[in-house]
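Below is one structure, written out as structure tokens; comments come after it.
The values are calculated or read from the model by the stated rules, or taken from the named source; none is laboratory data. None of these values were measured; they are calculated from a predicted model. Virtual Cβ from ideal backbone geometry, glycine too; neighbours counted across all protein chains shown.
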Amino acid sequence: MESFDPLDSAFENRFRLPGFDGAAFLLRSLTIPNSRPSASQAVMAFDVGFLSPDRKVEYLSRRVKVGFVKDLAECFWRMAQDAHPERSVPNFEDLEMGLTVAAVSSTDLSVEIQLTIVEEFGANVVEFDVLNFKTSRLALMGAVNDLKIFRDDWNTPMWGGEEV
Amino acid sequence: MSNFFTDLIPFNEGSRMTGIWCVSRKEEVLERQIAAVHLIAIPPDQDVSLEATFLSAFLPFHVGGFFGVDLESRQWIVLVQVGPAIEITSPDPRERPVSAMTVALARALEHNPNARCLLEFSFSHFALIDAYAEIDLTAQLHTWETTDLVRGLLAQMCGASSARVVVGREGNCAFPKEIHDCQGDVFLDVCQRWSSQNGS
């Protein structure tokens, strides 16, 4: 009998936006039970990773707003294209995930971005984890394309924002 | 132009270097050092110059490297590390003098799953001296740290002659008779000039 690894059939569901000098913003999609009143039994969620040379932190199973992937891609697109995204591109916010993405500064070839995430929902004192790094406009354009990996995730058109 | 790295690595025909870097001079260490050279394939949709700095950030022994692309847009990075040679204490073939740096690279590549290590080479301190064998200044090389031997070979990728590098190291300057943005280090001077002239 041929050997079969069920994980071989698992689709690619990881995203990575790297920065210079070892920083990266990471996403991995998964489906979780819908704990809220809704017609859907399950919703898409993400593991969010902040990477730098001296630490790697992951925030698991974060729910997202409708249209999360589409809006994030549009944010990255504008950061890559605009001459001064720190002035022209509104911050990306997803209150469900607790994530904010902002352009801090830019050059002709690079953009410095700041990602902020709520460490723990429901905590008495809300604390945030922050990751700042510089990335290239080329990498941001690549990220716009790479986010499409979540488009047909289990027939969930995140671009359209429908739940599973 | 033929030099140590182009003779060593079977680059695809038409490959060209688009960037190069090396670290500042490191403190001299007394323990036996070994150099590891790895050729990494980078997907065409990634920014190879960014990925070079990204991977290097996870390599505590990294000394420098260079990157480029071939005629079919296949991107590559050559990473060079210098670290302690591991003393072999077991018959396990996976344990090699260069293991410390191989493990570091494997760890770095976990953060870029689409990059692949294609080739690995390792060189002892004396093998690196032999790489300069074509010049009459070899006797001076025996006083160099292993990292400087590697940095000198990287400088050859920029078109700098071994003689210029060996002489320039004494004065910490590659271009003493020219107006330039001196880095205070012959190897950094050479890399910086190449990068300026090639828009890197």
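Side notes on the structure shown:
- Residues in the stretch B:12-23 that are more than 14 Å from chain A (Cβ to nearest Cβ) and either farther than 23 Å from B:SER124 by Cα or touching a Lys or Arg at 6+ places or on another chain (Cβ under 8 Å) (or both): B:ASN12, B:GLU13, B:GLY14, B:SER15, B:ARG16, B:MET17, B:CYS22.
- One residue stands out among those in the stretch A:48-71 that are within 19 Å of A:LEU140 (Cα to Cα) and within 14 Å of chain B (Cβ to nearest Cβ): the one that is surrounded by the fewest Cβ atoms within 10 Å (Cβ to Cβ), which is A:SER52.
- Set A:ALA23, A:ALA45: member being crowded, with 17+ Cβ neighbours inside 10 Å, modelled with pLDDT of 90 or more and more than 23 Å from A:THR135 (Cα to Cα): A:ALA45
- Only one of the numbered conditions (1) more than 14 Å from chain B (Cβ to nearest Cβ); (2) touching a strand residue (DSSP E or B) at 6+ places or on another chain (Cβ under 6 Å); (3) over 16 Å from B:LEU50 (Cα atoms) is violated by A:PRO90, and that is (2).
- Selection within the stretch B:24-53 - within 14 Å of chain A (Cβ to nearest Cβ), in contact with a strand residue (DSSP E or B) (Cβ under 6 Å, 6 or more places away or on another chain) and over 20 Å from B:LEU119 (Cβ atoms): B:ASP47, B:SER49, B:LEU50
- Scope the stretch B:54-75; condition within 14 Å of chain A (Cβ to nearest Cβ) and either part of a loop (DSSP other than H, G, I, E, B) or among the aliphatic types (A, V, I, L, M) (or both); matching residues: B:LEU55, B:ALA57, B:PHE58, B:LEU59, B:PRO60, B:PHE61, B:VAL69, B:SER73
- Enumerated helices (runs of 4 or more DSSP H) restricted to the stretch B:81-200, each holding at least 1 residues that are surrounded by fewer than 17 Cβ atoms within 10 Å (Cβ to Cβ): B:99-109, B:125-130, B:138-141, B:162-171, B:186-197
- Enumeration of residues in the stretch B:103-122 that are within 10 Å of chain A (Cβ to nearest Cβ) and either closer than 14 Å to B:GLY65 by Cβ or among the polar types (S, T, N, Q) (or both): B:ALA108, B:ASN112, B:ASN114
- Scope the stretch A:95-127; condition in contact with a Gly (Cβ under 9 Å, 6 or more places away or on another chain), under 24 Å from B:ASP47 (Cα atoms) and acidic (Asp, Glu); matching residues: A:GLU112
- Taking first residues from the stretch B:75-88 that are closer than 7 Å to B:ILE34 by Cα and partners that are part of a strand (DSSP E or B) and among the basic types (Lys, Arg), no Cβ contact under 6 Å between residues at least 6 apart in sequence or on separate chains turns up.
- Test result for B:ASP47, among the acidic types (Asp, Glu), surrounded by 21 or more Cβ atoms within 10 Å (Cβ to Cβ) and within 23 Å of B:CYS158 (Cα to Cα): yes
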